[in-house]
Amino acid sequence: MTALLDAIPMRTTPDLRNRCFVELLYGCGLRLNEALTLKLTDVQLDLGILTVHGKGGLDAQVPLLPSALAVLRDYIAVRRELVCGPDGGTLFLSRGGKQMVAVSVQQWVARLGKTVLGESRRVHPHLFRHSIAVHLLRRGLDIRYIQSFLRHADMDTTKQYLRLVPEHLREDYDRAMPHLAPDCSAS
C-alpha cells in the first residue's frame, strides 16, 4: 500500500484527487461505487468522518485516517479547479468536471499497479478494501469490528479474510470464536 500511495504524485489537482481516492478506498474500506458517488456534503472534515452510502441503501459514518483526512483537505481546497459549469457537489470529478466513472478508475489503478508492482501483479480498486481488512486482522482487531467497518451484512463475507492472516492469529481467532472459524483449506 505504501509503495502504491507513494507512487501517486501530488503536484496537480488530478494528482491530489487520485491520491485522495486511493486513500479513501483503503483507509475507509470503500467499495468503488461508494467512493464514486460521494458528495461534498458526505465529508465532515472537522469531525474526521465520512458518510458512506453503501449497498442496500445503508448509510454509515466512517472515521478518516489522519493521512486520508490530510489529503482530503488538500483536495477539497483545489477541487473547484475541476468544476465545469454548475457544481453538483460530487466529490471526485474527472478532468471534464463530471463524476468519475468506474472503468476509468479501474484502468488507472491497474496501470498504477503495473508501474509500481510489475506486470505480474493485478491491482484493482477492490484490492484496497481487501488490504485494509487483512491489515486490521493482522494487527489483532476483532473480526466483528472489521465486519462493521466494512459494512458487511454477513459475517461469512468478513471471515474469508482470516485465511490471509498468519497461522498464529488464525489459531487465536479459532480458539476465541470457534463458531467463526472459516474453512481455510480452500484457497
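The values are calculated or read from the model by the stated rules, or taken from the named source; none is laboratory data. Remember, predicted model here, so these are calculated numbers, not experimental data. For neighbour counting, all protein chains shown are included, and Cβ atoms are generated from backbone atoms with ideal geometry for every residue, glycine included. SASA here: full protein model, heavy atoms, side chains in, ligands and nucleic acids out. Shrake-Rupley method; radii C 1.70, N 1.55, O 1.52, S 1.80 Å.
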Item to check | Pairs, first under 21 Å from K55 (Cβ atoms) in region 137-155, second modelled with pLDDT of 85 or more and part of a loop (DSSP other than H, G, I, E, B), C-beta under 8 Å, six or more apart | outcome: F149/G29; L150/G29; R151/G29
Item to check | 3 or more residues closer than 25 Å to A7 by Cβ and either modelled with pLDDT of 90 or more or of a type in the set (V, I, T) (or both): qualifying helices (runs of 4 or more DSSP H) within region 56-157 | outcome: 66-78, 102-117, 125-138
Checklist entry - Since G56 meets every condition but one in (1) touching a residue at least 24 places away in the same chain (Cβ under 8 Å); (2) open to solvent by less than 60 Å² (accessible area, probe 1.4 Å); (3) of a type outside the set (D, E), which condition does it not meet? => result (2)
Checklist entry - Looking at region 104-113, is at least one residue among the polar types (S, T, N, Q) and in contact with a Lys or Arg (Cβ under 9 Å, 6 or more places away or on another chain)? => result no
Next on the checklist: Looking at the structure I just gave you, is V134 within 20 Å of P14 (Cα to Cα) and of a type outside the set (D, E, K, R)?
Outcome noted: no
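Matching residues to (1) over 19 Å from G97 (Cα atoms); (2) crowded, with 20+ Cβ neighbours inside 10 Å; (3) among the polar types (S, T, N, Q); (4) touching a Ser or Thr at 6+ places or on another chain (Cβ under 7 Å):
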position	(1), (2), (3), (4)
E23	yes, yes, no, yes
R31	yes, no, no, no
L50	yes, yes, no, no
L65	yes, no, no, no
R80	no, no, no, no
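Tally up the residues in region 107-130 that are within 12 Å of Y26 (Cα to Cα), open to solvent by 20 Å² or more (accessible area, probe 1.4 Å) and touching a residue at least 40 places away in the same chain (Cβ under 8 Å), please.
Here is the first cut: in region 107-130, the ones within 12 Å of Y26 (Cα to Cα) are 124-130.
Filter again for open to solvent by 20 Å² or more (accessible area, probe 1.4 Å), leaving 124, 126-127, 130.
Filter again for touching a residue at least 40 places away in the same chain (Cβ under 8 Å), leaving 126.
Result for region 107-130: 1.
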Next on the checklist: For region 1-50, give me every one of the helices (runs of 4 or more DSSP H) that falls completely inside it and has 2 or more residues that are within 26 Å of S148 (Cα to Cα) and in contact with a Leu (Cβ under 6 Å, 6 or more places away or on another chain).
Outcome noted: 13-27
